[in-house]
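To start, the structure itself, in structure tokens.
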Amino acid sequence: NLFVIDNIIIPTISHFATQGSGGGASSIIDLELIDYLTLSSGGFGVPHGDKLSSVLFLSLREGDREKTVMKATVSATQFGLHIEGPIGKKASYLLTARKSYLDLVFKAYNMSFAPDYADILGKVSWSPGTSDRVDFLTIAKTDRMKLFNDTESDRLANSDVVFGNQNMVASGMTWKHISQKYFTLVTLSDCYGEYDSFQEPPSGPPFFSSTSFENELALNVNLVAYPTETTELSVGGRGVLTKFHVHLRD
């Protein structure tokens, strides 16, 4: 699966995703921030022809350019804070932060472990002129598994499971230029993911432990030209610098 948010490719849009896949328990994107989305499940275009499952494009709206808006939310699993507003006459911002309280719920029900997660999303949109727009986007998440090894029974139950902690930060800048004859889209992005997996016995050193990180620095350039009223010419390129490291301990 491929996830693209404001022309920035990120590995997952979910909390507690399995490394290398797109699944997960809860979305890191607040649905109220989505302007529009497109989903393709086959017949992918040239830029994404190597995908096997789906391509999901998410476009996030910009912040309110007229007034400052603040809102607090509480759900069955998390609480959050949202704020947005203008920055001068040519820019706007929006910021959301959410934190789960499942550890309190699981602890109250005498569970031996509990998922704990948090995420933050910030976007700044700037229009220096009528033909140009620059967007700055940052998305970060942290996922933790809290172990309540208060009793021997809890420690024994937790020793049968491989747990994992995750951190991810994705950020980027996109420049859009529109004229009557052509459209230019340039995005510089950086995405970092850190994964820690472990399995602990009731006592003593861990059965298994691994730490890995992956980092991708990418530059996307796309140009769509209209030489005539009935002709469209599209050309683009993508350059990527990737780093990956795995450390196993057993």
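The values are calculated or read from the model by the stated rules, or taken from the named source; none is laboratory data. This one's a predicted model, so the numbers in the text were calculated from it and none came from an experiment. Cβ placement follows ideal geometry from the backbone for every residue including glycine, while neighbour counts extend to all protein chains displayed. When the accessible area is computed, the model is the full protein with side chains, heavy atoms only, and any ligands, DNA or RNA have been set aside. Shrake-Rupley method; radii C 1.70, N 1.55, O 1.52, S 1.80 Å.
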So for the stretch 74-83 (the condition being of a type in the set (Val, Ile, Thr), surrounded by fewer than 14 Cβ atoms within 10 Å (Cβ to Cβ) and farther than 21 Å from residue 29 by Cα), does at least one residue qualify? no
Scanning the stretch 171-186 residue by residue, those out of contact with any Lys or Arg (no Cβ under 9 Å at 6 or more places or on another chain), part of a strand (DSSP E or B) and either within 12 Å of residue 218 (Cα to Cα) or open to solvent by less than 50 Å² (accessible area, probe 1.4 Å) (or both) turn out to be 171, 172, 173
Among the numbered criteria (1) open to solvent by 60 Å² or more (accessible area, probe 1.4 Å); (2) in contact with a helix residue (DSSP H, G or I) (Cβ under 9 Å, 6 or more places away or on another chain), which single criterion is violated by residue 117? (1)
Search the stretch 154-167 for residues that are under 17 Å from residue 107 (Cβ atoms) and acidic (Asp, Glu) and pair each with any residue that is crowded, with 17+ Cβ neighbours inside 10 Å and at pLDDT below 85 when their beta-carbon atoms are under 6 Å apart and the residues are at least 6 apart or on different chains. none
Restricting attention to the stretch 131-154, and to residues there that are more than 26 Å from residue 176 (Cβ to Cβ) and open to solvent by 70 Å² or more (accessible area, probe 1.4 Å), which single residue is nearest to the chain's Cα centre (by Cα)? 144
Report, ordered by the first and then the second residue, all pairs with beta carbons closer than 7 Å, sequence separation of six or more or different chains, a first member in the stretch 177-198 that is at negative phi, and a second member that is among the hydrophobic types (A, V, I, L, M, F, W, C) and outside any strand (DSSP E or B). 197/162
Is there any pair linking a residue in the stretch 217-234 that is open to solvent by less than 70 Å² (accessible area, probe 1.4 Å) to one that is not in a strand (DSSP E or B) and not acidic (Asp, Glu), with Cβ under 8 Å and at least six apart or on different chains, and which? 220/7; 225/181
Are any residues in the stretch 118-130 more than 19 Å from residue 59 (Cβ to Cβ) and more than 13 Å from the chain's Cα centre (by Cα), and if so, which ones? 128, 129, 130
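Within the stretch 107-122, track down each residue that is of a type outside the set (Lys, Arg), in contact (Cβ under 8 Å) with a residue 24 or more places away in the chain and not in a strand (DSSP E or B).
Listed by number, the residues that qualify are 111, 112.
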Of the residues that sit in the stretch 1-52 and are acidic (Asp, Glu) and loosely packed, with under 14 Cβ neighbours inside 10 Å, which one is farthest from residue 141 (Cα to Cα)? 50
Here are the criteria: (1) over 28 Å from residue 168 (Cβ atoms); (2) in a strand (DSSP E or B). Tell me which single one residue 209 does not satisfy. (1)
